[in-house]
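Read the structure below first, then the notes.
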Amino acid sequence: MIKVQEYRGHIRNWAELCGKLGIDAALPREEREPLILKRAYETWGCDMGLYLHGMFAFSLWDEEKERLFCLRDPFGTKPFYYYETEDGRLLTGTKIRGILERPGFVKKLNEEMLQIYLSLTYAGGENTFFTGLKKLMPGHYLIWQDGVLQIERYWKPEFHPDESKTLEEWADEIHGVLQAIMPEVKEETETAESFLSGGVDSSYVLAMSDVRLTDSCGYEDARFDESGLAAETARFLGRENARCLITPEAYFAAVPYVMYEMEQPLGDASAVAFAIACKETAKHTKLCYSGEGADEFFGGYNMYRNAKRYGDNLKTFYVGNTNIMKEEEKRALLKNYDADVLPIELAVDIYKENEGLDPLSRMSDVDIRIWLEGDIYLNVDKMSEAAGLEIRMPLTDRRIFDIASRMPSRYKVNEEQNKVAFRTAASKVLPEEIAFRKKLGFIVPIRIWLADARYHSDVREKFHSEAAKKFFRVDEIDRIFEDYVGGNSDNWRKVWTIYTFLVWYEEYFEKRR
């Protein structure tokens, strides 16, 4: 007998799988999806992940073989963690806090991760901030049997450029596949809303959906406020738009909540705004769409335009979308700097595997495997779950990536534009001024707020706390902070990354819960 020990996610192609596996498609989702997992395991064994589309992480117990089988989806949209105890047991789960509370777990800070974090602003790779606690990486499965741990990869991103198609043909393929995916993203009986920014990704998802109400974030400072653009898009498509105004007071007040619910520190400033948006949206829906995935698949970041210039040098420095502190800076800041702990080591094996690919494909490969899992999907999962909101991401799908994996890089990025083919596909249902609008990103006025004495008192306090003295040379982090407040706005990310770690450390190592 197979038992589902833990499962989180949403299986998109459930109707097709019910037919293949002899399952009554009329069963409610809470009964149907665990049954799909059990039958899929019985039918396809360790290869079962190749037959599922959607977002998922789960563990199954095979009573007959006395074997634990755990699997995480190809892109890591749902987290999964494991820990080997000193007495030879394996603790697993989709939440770190659930593992921390179990007998046999020894809570100890993995200080090496702090060194990685100060560059990446997130916990990249398989290790976490807790010593011995590891992530099951995307596209991998885990087997625990007779006290032996085995981890294998069942899927990885691969790129095989096809030069036979035109730009329009690629756009047609993207559009056709998204048309096929959208009916799977929710059932007819479900009602969804959709997060909407001023960008093409969320606008395209909205245009392809039956969503009536959209949700956007806004700020009083017009320089950072995309909500007006979002409202224009909603009006064009005949949808309604709800605007959540985020104030600096609400933003800073939410930081401890975010770091606690995130379970590991995250220095992505948009995470706090996203957490507030999730809470607000959850007041009127329990299901929402979001547009993550297209940037990494189809060349959406401006830095991808530098790919040719970087060339083979990529493998010496590029470890993902963010890299805010150099080694000499960390050596000056940290009391326990280790010269052998380098972020680029996280990407060494990836570069070996993608040797021979063009530079843009290599950058995308690294971002899909490291940045998406460590930052973007972690943020979406943790903040939505904490708010009681389920988020589904139609563009994060193996079938969408399959198109990107075959598309030559010139149809992704050129001298004038990024995401060229994707935008061309979106222009089939959106006006060109929306489909080809310059990417703004999920921006937050934090670099301005953080310099304001009305809001940064807790930052100053944390920078002089006992925790700060334990890990940092306080005079050095003070210097960075004062330099920032004095006008060097480039330092805001460094200040924020140090601050979020200290807030997280207080939540997990100093507070009694």
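The values are calculated or read from the model by the stated rules, or taken from the named source; none is laboratory data. Computed from a predicted model, the values in this text were never measured in an experiment. Don't worry about glycine lacking a Cβ; one is built from the backbone with ideal geometry, like all the others, and counts go over all protein chains shown. The area values use the complete protein model at the heavy-atom level, side chains included, leaving out ligands, DNA and RNA. Shrake-Rupley method; radii C 1.70, N 1.55, O 1.52, S 1.80 Å.
One table, with the values for the structure above:
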quantity: Count - residues of segment 492-513 that are farther than 15 Å from VAL258 by Cα, part of a helix (DSSP H, G or I) and open to solvent by 20 Å² or more (accessible area, probe 1.4 Å); calculated: 5
quantity: Hits in segment 394-444 - residues which are among the β-branched types (Val, Ile, Thr) and over 27 Å from LEU52 (Cα atoms); calculated: VAL413, VAL420, THR424, VAL429, ILE434, ILE443, VAL444
quantity: Hits in segment 86-106 - residues which are open to solvent by less than 10 Å² (accessible area, probe 1.4 Å) and more than 16 Å from GLU261 (Cα to Cα); calculated: LEU91
quantity: Hits in segment 225-238 - residues which are assigned to a loop (DSSP other than H, G, I, E, B) and touching a Cys at 6+ places or on another chain (Cβ under 7 Å); calculated: none
quantity: Test: residue in segment 154-170 that is within 23 Å of CYS278 (Cα to Cα), surrounded by 15 or more Cβ atoms within 10 Å (Cβ to Cβ) and among the hydroxyl-bearing types (Ser, Thr, Tyr); calculated: no
quantity: Conditions (1) over 30 Å from ALA282 (Cα atoms); (2) of a type in the set (A, V, I, L, M, F, W, C); (3) more than 21 Å from the chain's Cα centre (by Cα): number failed by ALA207; calculated: (1)
quantity: Enumeration of residues in segment 114-142 that are open to solvent by less than 10 Å² (accessible area, probe 1.4 Å) and over 16 Å from the mean Cα position of the chain (by Cα); calculated: LEU114, GLN115, LEU118, SER119, PHE129, PHE130, LEU133, LEU142
quantity: Residue check for SER489: over 28 Å from the mean Cα position of the chain (by Cα), open to solvent by 30 Å² or more (accessible area, probe 1.4 Å) and among the hydroxyl-bearing types (Ser, Thr, Tyr); calculated: no
quantity: Hey, GLY198 buried (at least 22 other Cβ atoms within 10 Å of the Cβ) and modelled with pLDDT under 95 or not; calculated: yes
quantity: Segment 367-407, residues that are within 14 Å of PRO74 (Cα to Cα) and among the β-branched types (Val, Ile, Thr); calculated: ILE368, ILE370, THR396, ILE400
quantity: Subset tally (residues that are of a type in the set (Gly, Ala, Ser) and open to solvent by less than 30 Å² (accessible area, probe 1.4 Å)) for segment 305-360; calculated: 4
quantity: Scan of segment 1-28 for residues that are open to solvent by less than 50 Å² (accessible area, probe 1.4 Å), assigned to a helix (DSSP H, G or I) and in contact with an Asp or Glu (Cβ under 8 Å, 6 or more places away or on another chain), ordered by number; calculated: TRP14, CYS18
quantity: Filter result for the condition that a residue is touching a Phe, Trp or Tyr at 6+ places or on another chain (Cβ under 9 Å), farther than 30 Å from ASN491 by Cβ and hydroxyl-bearing (Ser, Thr, Tyr), over TYR122, TYR51, TYR117; calculated: TYR51
quantity: Only one of ARG423, ARG479 that is out of contact with any Asp or Glu (no Cβ under 6 Å at 6 or more places or on another chain) and either within 30 Å of LEU206 (Cβ to Cβ) or crowded, with 18+ Cβ neighbours inside 10 Å (or both); calculated: ARG423
quantity: Among (1) at pLDDT 95 or above; (2) surrounded by fewer than 22 Cβ atoms within 10 Å (Cβ to Cβ); (3) among the aliphatic types (A, V, I, L, M); (4) not in a loop (DSSP other than H, G, I, E, B), the one test that ILE448 misses; calculated: (1)
quantity: Qualifying residue in segment 343-357 (condition: of a type in the set (S, T, N, Q), within 30 Å of ARG12 (Cβ to Cβ) and modelled with pLDDT of 95 or more); calculated: yes
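Every residue, every condition in (1) modelled with pLDDT of 95 or more; (2) in contact with a helix residue (DSSP H, G or I) (Cβ under 7 Å, 6 or more places away or on another chain); (3) over 19 Å from GLU152 (Cα atoms), yes or no:
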{"position": "VAL4", "(1), (2), (3)": "yes, yes, yes"}
{"position": "ALA15", "(1), (2), (3)": "yes, no, yes"}
{"position": "GLY19", "(1), (2), (3)": "yes, no, yes"}
{"position": "MET48", "(1), (2), (3)": "yes, yes, no"}
{"position": "GLY54", "(1), (2), (3)": "yes, no, yes"}
{"position": "THR77", "(1), (2), (3)": "yes, yes, no"}
{"position": "GLU84", "(1), (2), (3)": "yes, no, no"}
